[in-house]
Amino acid sequence: MPVLDQSHLQSILVAVLDHTSSILNQSKYRLVGTGAALLQGVQLPTRDVDLLMKEREDVDTLDSSLSSFECLTPPTYLSEAKQYYANYEINGVEVGISTVEWETDSDGIECFGRGPWEHYILISCGPYTVPTVALELRLVSEMLRDRPDRYTPIIEHMRACGCDIDLVRRGIQSRGLPQTLQEEVLGQLKGAPVG
């Protein structure tokens, strides 16, 4: 799969929304993953597009709307991941659509709990507006995966453009990340503009 730039990512999102916008309102999905960071201007290697859905029925509805594209994985429940998941190839790019059904009280996690539904921004994408998960939540995901090559560019972007440092703090504490990593990242974000 190709590495996407921001323009290519936008064209994939427009292709998806051309087929689904009449049935999919912004309250039902979020752009997550590296695509969420790329759409916000963070240069991360992005090879696929991930859409988080609120309910399983939304995954099923999108499945029928995307029937003109190749379905790589029909909607199915992945019990170990606690995900209802489907995957498509849209114009040469994999687009994953899923729920994530873990429980948490935290608002600082990217793909489950209330975080992605409360902490997002709306980004223009062609004729559409895409609800995109906040970078603070994406940062926590990359830290959890121990990928400094991914979280460092997010930190640099947030230092320049602003962030909600308390949201980052809540996210990294809820994920139980090592104290030294928490201190290192929070120290790098200290003094960033309030986003």
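The values are calculated or read from the model by the stated rules, or taken from the named source; none is laboratory data. Just so it is clear, the structure is predicted and the values come from calculations on it, not from any experiment. With ideal geometry, Cβ positions are generated from the backbone for all residues, glycine too; neighbour counts draw on all protein chains shown. When the accessible area is computed, the model is the full protein with side chains, heavy atoms only, and any ligands, DNA or RNA have been set aside. Shrake-Rupley method; radii C 1.70, N 1.55, O 1.52, S 1.80 Å.
Taking the DSSP bridge list for the chain and keeping only pairs wholly inside it, about 80 percent are antiparallel. What residue among V133, V93, V59 has the largest mean-square fluctuation in a Gaussian network model of the chain, using Cα springs under 10 Å? For the chain, modelled as a Gaussian network with Cα springs under 10 Å, the answer is V93.
The alpha carbon centroids of segment 55-73 and segment 96-125 are separated by 20 Å. With the alpha-carbon atoms of segment 92-195 aligned to their principal axes, the span from lowest to highest coordinate is 40, 32, 28 Å, starting with the largest.
Of the residues T73, T180, T99, the one that moves most in a GNM of the chain with alpha-carbon contacts below 10 Å is T180.
Zone of S27 (label point 7 Å along Cα→Cβ, backbone N under 15 Å): which residues in segment 50-64? So the set is 54-55, 58. Just the protein heavy atoms count here, and of the accessible area of the chain at 1.4 Å, carbon and sulfur take up 46 percent.
Can you work out the accessible area per residue across the chain, with the rest of the protein chains kept in place, probe 1.4 Å, in square angstrom? Please list the in-between numbers first.
Numbers: 9020 Å² over 195 residues.
Heavy-atom accessible area per residue stands at 46 Å².
With each label modelled as a point 7 angstrom along the Cα→C-beta vector, the K54-L72 pair spans 2.7 nm.
Shape verdict for segment 70-123, please, from the Cα gyration tensor: rounded (a/c under 1.5), prolate (a/b greater than b/c) or oblate. Could the numbers behind the result be given before it?
Numbers: a/c = 4.08, a/b = 1.45, b/c = 2.81.
Here segment 70-123 falls in the oblate category.
Rg and Dmax of segment 136-195, based on Cα coordinates, read 10.1, 27 Å.
Under 20 Å from a label point set 7 Å out along the Cα-to-Cβ vector of R145, the amide N atoms of segment 79-99 belong to 79-90, 93-99. Largest accessible area first, the residues C163, C111 order themselves as C111, C163 under a 1.4 Å probe with ligands, DNA and RNA left out. By its C-alpha gyration tensor, with a ≥ b ≥ c as the square roots of the eigenvalues, how is segment 1-154 shaped: rounded for a/c under 1.5, else prolate for a/b larger than b/c, else oblate? Taking the square roots of the gyration eigenvalues as a ≥ b ≥ c, segment 1-154 is rounded.
Taking one quarter of the surface of the convex hull spanned by the alpha-carbon atoms of segment 1-54 gives a direction-averaged projected area of 3.7 nm².
Think of segment 24-80 as a dipole: +1 on every Lys or Arg Cβ, -1 on every Asp or Glu Cβ, centred on the Cα centre; then among G35, L52, T73, G35 lies furthest on the positive end. Seen from I165, the other residues with C-beta closer than 12 Å to its C-beta sum to a net charge of +1, counting Lys and Arg as +1 and Asp and Glu as -1. Using a probe of 1.4 Å on the protein chains alone, the accessible area found for K82 is around 80 Å².
Over the chain, DSSP H runs of length four or greater, each weighted -39,500 (n - 2.57), average out per residue to a 222 nm ellipticity of -12000 deg cm²/dmol. Bridging of K54 to lysines at a Cα separation below 27 Å is possible for K28, K82, once same-chain residues fewer than 8 apart are set aside.
Antiparallel as a % of all DSSP beta bridges within segment 1-117, to the nearest 5?
If I count the DSSP bridges inside segment 1-117, around 80 percent turn out antiparallel.
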